[in-house]
Each structure stands twice: as structure tokens, then as C-alpha cells.
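Each reported figure results from applying straightforward, stated rules to the coordinates on display, with no laboratory input. Remember, predicted model here, so these are calculated numbers, not experimental data. Cβ sites come from the backbone with ideal geometry, for glycine too, and all protein chains shown count toward neighbours.
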Amino acid sequence: GAVVSQHPSWVICKSGTSVKIECRSLDFQATTMFWYRQFPKQSLMLMATSNEGSKATYEQGVEKDKFLINHASLTLSTLTVTSAHPEDSSFYICSARDWERAQRGTQYFGPGTRLLVL
Amino acid sequence: GNSVTQMEGPVTLSEEAFLTINCTYTATGYPSLFWYVQYPGEGLQLLLKATKADDKGSNKGFEATYRKETTSFHLEKGSVQVSDSAVYFCALSNNAGNMLTFGGGTRLMVKP
């Protein structure tokens, strides 16, 4: 149980295009989802917190117009990297929080999406 | 603010060796503490957790004890396997998992 999926797992795009990444909780409802970014051999950096039905909360230094987040349902959040540039190339990981399992809000992570912008 | 400090890697061990990865934290209140593992090319998996002082989290032979007096949550395993090779992240949350603060990660390499 507590499975989180991401799609796509790999994406290569040209500079200037927009890329949408989906994060789904498959067997539980996630009122809150989180988006992280991870550079090679580094730790995870929280980008934003996504709450179902409301606007995302972005961490300092993260451009909200660059990284659009939509959390339209209890099982789906999307991250859109708009007008992607090579410096946006990274590993993007989402996580979902499951309150109903009474696990003190443990976050369950997706497998990640590797983005390469040429 | 909250912070997590892990020992820097990589840690290279032979199979069946004893593993310790140190983790210390700074936080207000009574945080929950986690260890996550990331296998190559994958996302993070929850390995174990502890939610209050003196709790011991355990899973797949790994253990960590929440030590409030030393603000530590060291990860241990008595006998590592090649399949344990991965990056291990210590993390804390002091508001029921709403926001995780991660350590820098420690890469473990186990050689046959």
C-alpha cells in the first residue's frame, strides 16, 4: 500500500518547451503533496507544497510562474515546468502525505522524473 | 530552524560488515525522525521512523534509536549486503510530516 506514481519517468525536451509531470497516489487520498528537486549526488530540495483545491505554497527562491503546480484532486498533482531551459534539467520527485493511515503524516515518495532540457 | 547533519560518504564496506551512518539534528519541540533510502535511479523509500524519544525504528535489519539527549538518530545494520548499496537520507519533521528536512545523504557501497 501507499504507492505513489510519477509520469513520465524520463523526459527530454528542447529549450523553450513546457513539460508536465504527474504525481498520483494510487491507493490512498493525499490532501497534501510535495514537490522536490534533486541535483546529482545532492539531497532533496523542497520546491513547493501542494494542497488539494488550493494554491501551492512555494519555497523561497522557487519561481511560481516557472513551476506551475495544480492539485485538482485528492489523488493527482501536476508540476509544469514552463519554458524549460537547460538549467531546469534535474530529477523531480513528488511525495504524498496520507493522514488516514495514522502514520503521523509519513510522506510516501514517487519514483522520480528525470528531466533533460537540450 | 530545523537542520539535519549526516556523515559524509561514500561509505564503502565489505559484505557482512557492520554499518553505522551517523545522523544528528537540530529542531524545536519533539520532531519525528526518519530514514529514507534511494536506490540508483529511483525515488525515495521510507526505511524506518521513530516518533518519540527512545523509540527504535527497525526494518529489513536496519535499526535507529531516537536519542533526544544527544539529538541523534544513527542508522545501524549488523551485516550489510550488496543489495543495501544505495543513498541513505536522514530526515525530520516537527509537524506531523507536513514538511521534511533532509540531511545531505550518505552513499553506501557494499562490495562482495
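Points worth noting:
- At R0 = 35 Å, FRET efficiency that the Cβ-Cβ distance of A:Leu118 and A:Met45 yields, to 0.05: 0.95
- Members of B:Lys52/B:Lys77; A:Lys41/B:Lys52; B:Lys68/B:Lys111; A:Lys41/B:Lys56 lying beyond 24 Å, as alpha-carbon distances in this model show: A:Lys41/B:Lys52; B:Lys68/B:Lys111; A:Lys41/B:Lys56
- Shielding value for B:8-14 is 0, the average number of Cβ atoms from other chains within 10 Å of each residue's Cβ.
- Note: relative contact order over chain A, using C-alpha pairs below 8 Å and six or more positions apart, is 36 percent.
- Summing Lys and Arg as +1 and Asp and Glu as -1 over all other residues whose Cβ lies under 15 Å from the Cβ of A:Thr113 gives a net charge of +1.
- Global geometry of segment A:1-73, whether rounded, prolate or oblate, following the gyration tensor of its Cα atoms and the 1.5 cut on a/c: rounded
- Enclosed volume per residue, in Å³, of the convex hull spanned by Cα atoms of segment B:1-111: 91 Å³
- The P(r) of the protein assembly as shown has a tail past 32 Å containing 19 percent of all C-alpha pairs.
- Prolate is the label for segment B:66-112, because a/c, from the alpha-carbon gyration tensor with a ≥ b ≥ c as root eigenvalues, is 1.5 or above and a/b exceeds b/c.
- Whole-number percent relative contact order across chain B, with pairs defined as alpha carbons under 8 Å at least 6 apart: 37 percent
- Cysteines not pairable in chain A (beta carbon separation under 4.7 Å absent): A:Cys13
- Between B:Thr70 and A:Lys14, the simple label model (points 7 Å from Cα in the Cβ direction) yields a spacing of 5.8 nm.
- Ordering of B:56-69, B:24-37 by burial proxy (mean other Cβ atoms within 10 Å per residue, highest first): B:24-37, B:56-69
- Given their separation in residues at 0.36 nm each and the Cα-Cα distance between them, A:His7 and A:Glu87 gain 26.7 nm when the chain is fully extended.
- With K and R counted +1 and D and E -1, the other residues having a Cβ less than 11 Å from that of B:Thr20 yield a net charge of -1.
- Simple label model, 7 Å out from Cα along Cβ direction - B:Lys56 to B:Glu8, nm: 3.2 nm
- Cut-off 17 Å, label 7 Å out along Cα→Cβ of A:Gln60, residues of segment A:15-46 by amide N: A:45-46
- For the peptide B:30-38, the mean number of other protein chain Cβ atoms found within 10 angstrom of a residue's Cβ is 2.
- Built amide H within the under 5 Å cut-off of A:Ala84, gap 5+: A:Gly16, A:Thr17, A:Ser18, A:Val19
- Cβ-based exposure ranking for A:Trp35, A:Trp10, in which fewest neighbours within 10 Å come first: A:Trp10, A:Trp35
- Tail fraction, Cα-Cα pairs, segment A:37-118, threshold 18 Å, whole percent: 46 percent
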